[in-house]
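Below is one structure, written out as C-alpha cells; the observations come after it.
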Amino acid sequence: MCQDLLLNGTIYHCGMDSAPEEVRTSPWIALAYLVAGICFILALRGLSGPASSRRGNRLGMIGMTIAVVVTFITHVPTWADPEFYSVPYGRDYLALIDWTATLEILAAIALGAAIGFTTAKRIAMTAMPQLVAAFHSLVGLAAVLVAIAAYLNPQAFGIADLVTPMIGQPFAVIDPVSRVEMGLGVAIGAITFSGSVIAFLKLNGNMGGKPILLPGRHVINMGVLAAIVALIAYFTRDQSPAVFWTITVLSFAIGFLLIIPIGGADMPVVVSMLNSYSGWAAAAMGFTLHNTAMIITGALVGASGAILSYIMCRAMNRSFISVIAGGFGAVADTGGSQAIDRPWKRGSAEDAAFLMREAEQVIIVPGYGMAVAQAQHALREMADRLKEEGVRVKYAIHPVAGRMPGHMNVLLAEANVPYDEVFELEDVNAEFAQTDVAFVIGANDVTNPAAKTDKSSPIYGMPVLDVEKAKTVLFIKRSMGGVGYAGVDNELFYRDNTMMLLADAKKMVEEIVKALG
Amino acid sequence: MDFIAILSIFVLACFVGYFVVWSVTPALHTPLMAVTNAISSVIIVGALIAAAAAGAPGAKWLGLLAVVLASVNIFGGFAVTERMLAMYKKKGQ
C-alpha cells in the first residue's frame, strides 16, 4: 500500500508527505466536511432576508473554519499522526511538530488575511462590482494552481497509483477519472481567471466599456473550446505534461477571448456568469479530492451564479447566448442624431424642489449614474427633507440598474436608506400611475418607454419602469447629448410631463436639498 | 468514496443551491455574490493539501501561493459581506 516513490527525480518517502491513511479517511473527517458544507447552505439561506443575513454570514465563517482546520490537522505531517498523541508524557511534543510546514501555511494564511481585510475595509461601495470581479479571478487562479499542484504531486492528493514497470523507475499513474476532473478544474479555473481579469479592467475603467470585436471571433472561440474538450478527453489516455499545459494555456486564452467582445451594459450578466464558473471550478476540484465541502459549495455557487445570470438576462429581455456572443452596444448612435432637435423641457433645482414638496408621493429611480456621481448620500438627505414635509418617498430598483445584481440596494443601504422603502420593479411598477413625481437619477435605458412600444428598438421587450405614468418625471442627466449603454435615445426626454435637470447628479441633488430649505 | 456517490452529492447539492438561491431577496444579491465568492474559496482545502505535502517542491510552492490567494478571498469576502449586511436597516432602526 505504502512504499517509497521516485518521481521527477525526487524521492517520496512513504508516510512523510502527509498523515497516515487511516486518519485521513476517518469518518469523522468526512463528517466534518459535511458539516462545513451544511454551514455554507445555511449561509446562503440566511440571505432570504436582511434580518437573518448576518447570522448566515457567521455560519459561513464557521463552515470555512471547520474546513480549514480539519484539512490542516489531517494533512500537515505529525499533527494528525496518532503516535504524536500517544508519546509518553514528558517527551518534547513541540520538537515532534513539522514547524516548517506549519509556519509556512500560517504565514500564507496571515498574508492573505491581511490583504483581504484591508481591501474589504477600504473599498468604496460603488466599487463593489470591480472587487467581486477581482475576487472571482483569485478563486479561478487558486483553482488552477491547485490543479497544477495535483498534477505535479498526485500522490499527495491520493489520486495516483504507483506502477513499477519491468524496466526503469516506478512512476505515478493518475487515475483517468481524476484526470478528467483535474482537466475540467484547470480549464474552468483558467477561464474564470482570465475572464474575471478582463471584467475587472472593464468595470474599473482601465479598459473601455465598448465591446472589442475580433473578426471571425465565433469561429475562433468555438474552435478553441472544442480543442479544450478534445484535449481533456485525450488526457485520459495520455497524461503527458504537453497535454496538460496545452489545456491550461488554451483555457486562459478562451477566458480572455470570451469576455472582450462583451460591452459594459452586459457586465452584470458577465459578473454573475463568472461567479457561477468559480463555483464549478471548486466543484471540479472537489471531485478530484473527494471532498464533500468543496462539492456542495461548488454546486451552491455554481447554481447561484447561474440563477443570477438568468435573472439579469430576463431583466434585459435577452437570451444568455446573445449576451455571451457579445457585441451589444457596439452599434450605437443610430437615431440619436435626428432626435436631438426634438423639443424638451428644462427645469431648475428650485422647480424640482417645488414640485416634490407639493407631491403626495415621490418615487426615486436610481441607476448606475448615481453610483458614478456618489450621489446616494445627498439623495437620502433629499428624501429625509421631503419626508419632513409629509411626502411619501419610495425607491424603485430595476434588476439591471448598476453594474452587478443588487448594486443599487447596497448603495442605498450605505446611505442609510431603510430597506423597507426600497422596492423591486414588479412590486412598485403599478404605483407610478398614482405617483406625483418620478425622480430618475442616473438611470436611462431602464426607464425608456420605447421598450414597450418601438419594435425596432434594440431594447424592445425589456421590462422597464413605467415612470412616464407619473404626473411629472424629473430626469437628472449630465447633458442632452449622451445616450444610455444600449446606445439608444430615450423617448422619455421629449414627453410633456418630463422635466430635464441637466447637471451632475450629486450637485443637482444638493441644490434641490438647499432649495427645499 | 466512489464516483457515483460523489456525483449524487453534487447533483443533490445543485438542487439545494437552486432552491436556496431563488429564496434570496433581490435586495441582497450583491452580498450574495460576495459571500459565494468567499465560500467558493473552500478550494483552500486543495491548496493546503498541496502546501503540506513534502516531495514535490514545485507543487508545494504553488499550493502555498494558492493558500494566499484563497485566504485573500475568504477573509476579504466574508469581511466585505459583513460590512454590507451591517448597512441594511429597517425604518427607525
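Where a number appears in this text, it was derived from the coordinates with a stated rule and is not lab data. In this text the structure is predicted, and so the values were computed from the model without any measurement. Ideal geometry is used to build each Cβ from the backbone, glycine not excepted, and the neighbour counts take in all protein chains shown.
Note on A:VAL446, A:VAL391: ascending count of other Cβ atoms within 10 Å places them as A:VAL391, A:VAL446, the fewest first. Principal-axis analysis of the Cα atoms of chain A puts helix A:50-75 at an angle of about 20° to the longest axis.
Test of understanding: ordering A:TYR151, A:TYR33, B:TYR18 by Cβ neighbours within 10 Å, fewest first, what list do you get?
B:TYR18, A:TYR33, A:TYR151
Sorted into 5 angstrom bins from 0, the C-alpha pair distances of segment A:152-302 split as 2, 9, 16, 18, 17, 14, 9, 7, 4, 2, 1, 0, 0 percent. Principal-axis analysis of the Cα atoms of chain A puts helix A:128-152 at an angle of about 20° to the longest axis. The phi-based Karplus calculation (6.51 cos²θ - 1.76 cosθ + 1.60; θ = phi - 60°) puts the 3J(HN,Hα) values of segment A:302-311 at x, 5, 4, x, 5, 5, 4, 4, 4, 4 Hz, whole numbers, x for Gly and Pro. Annotation: amide H-H contacts under 5 Å for A:ARG392 (H modelled 1.01 Å from N, sequence separation of 5 or more, or interchain): A:GLN361, A:VAL362. First select every other residue whose beta carbon is under 13 angstrom from the beta carbon of A:LEU501; then total the charges, Lys and Arg +1, Asp and Glu -1. Result for the local shell: +1.
Taken residue by residue and averaged, Cβ atoms of other chains lying within 10 Å of the Cβ of A:267-274 number 1.
Can you give the angle from 0 to 90° between the axis of helix A:267-289 and the longest principal axis of chain A, with both taken from C-alpha atoms, to the nearest 10? Helix A:267-289 sits at roughly 10 degrees to that axis. Distances between placed amide hydrogens fall under 5 Å for A:THR498 paired with A:VAL473, all partners being 5 or more residues away or on another chain. Once the piece of chain linking A:SER348 and A:VAL173 is laid out straight, how much longer is it, given 0.36 nm per residue of separation minus the C-alpha distance between them? Fully extending the segment from A:SER348 to A:VAL173 adds 55.5 nm. 3J(HN,Hα) along segment A:414-427, derived from phi through the Karplus expression 6.51 cos²θ - 1.76 cosθ + 1.60 where θ = phi - 60°, amounts to 4, 7, 6, 7, x, 5, 7, 9, 9, 10, 7, 2, 5, 7 Hz, with x in place of Gly and Pro. Label separation (A:ALA124 vs A:ALA430): 4.0 nm, computed from points 7 Å beyond Cα along the C-beta direction.
For the protein assembly as shown, the Cβ-based charge dipole about the Cα centre amounts to some 960 debye (Lys, Arg positive; Asp, Glu negative; other atoms uncharged). For chain B, complete DSSP H runs whose alpha carbons reach 27 Å or more along their own long axis and whose mean Kyte-Doolittle score is 1.6 or higher are B:3-22. On the principal axes of its alpha carbon atoms, segment A:371-517 extends 44, 30, 28 Å, with the longest extent given first.
In terms of overall dimensions, the C-alpha atoms belonging to segment A:335-412 reach 43, 33, 19 Å along their principal axes, ordered largest to smallest.
Enclosing the Cα atoms of segment A:218-288 in their convex hull gives a volume equal to 86 cubic angstrom per residue. Couplings 3J(HN,Hα) for segment A:220-229, derived from phi with the Karplus relation 6.51 cos²θ - 1.76 cosθ + 1.60 (θ = phi - 60°), are 4, 4, 4, x, 5, 4, 4, 4, 4, 4 Hz, where x marks Gly and Pro. Less than 5 angstrom separates the built amide H of A:THR435 from those of A:LYS471, all sequence-distant by 5 or more or on a different chain.
Once both labels are positioned 7 Å from their Cα atoms along Cα-to-Cβ, the gap between A:MET480 and B:TRP61 label points is 6.4 nm. Quick one: net charge around A:ALA378, please, counting Lys, Arg +1 and Asp, Glu -1 for every other residue with C-beta under 9 Å from its C-beta. The answer is +1. Mind checking the log10 I(q)/I(0) for chain A at q = 0.07, 0.08, 0.10 Å⁻¹? Debye, one equal scatterer per Cα, no solvent, two decimals. Log10 I(q)/I(0), no solvent term: -0.50, -0.62, -0.87. A straight line joining the Cα centroids of segment A:443-479 and segment A:25-57 runs 42 Å.
For the pair segment A:184-251 / segment B:34-86, the C-alpha centres are spaced 22 Å from each other. Between A:ASP454 and A:ASP238, the distance separating the two model label sites (each 7 Å from Cα on the Cα→Cβ line) works out to 5.6 nm.
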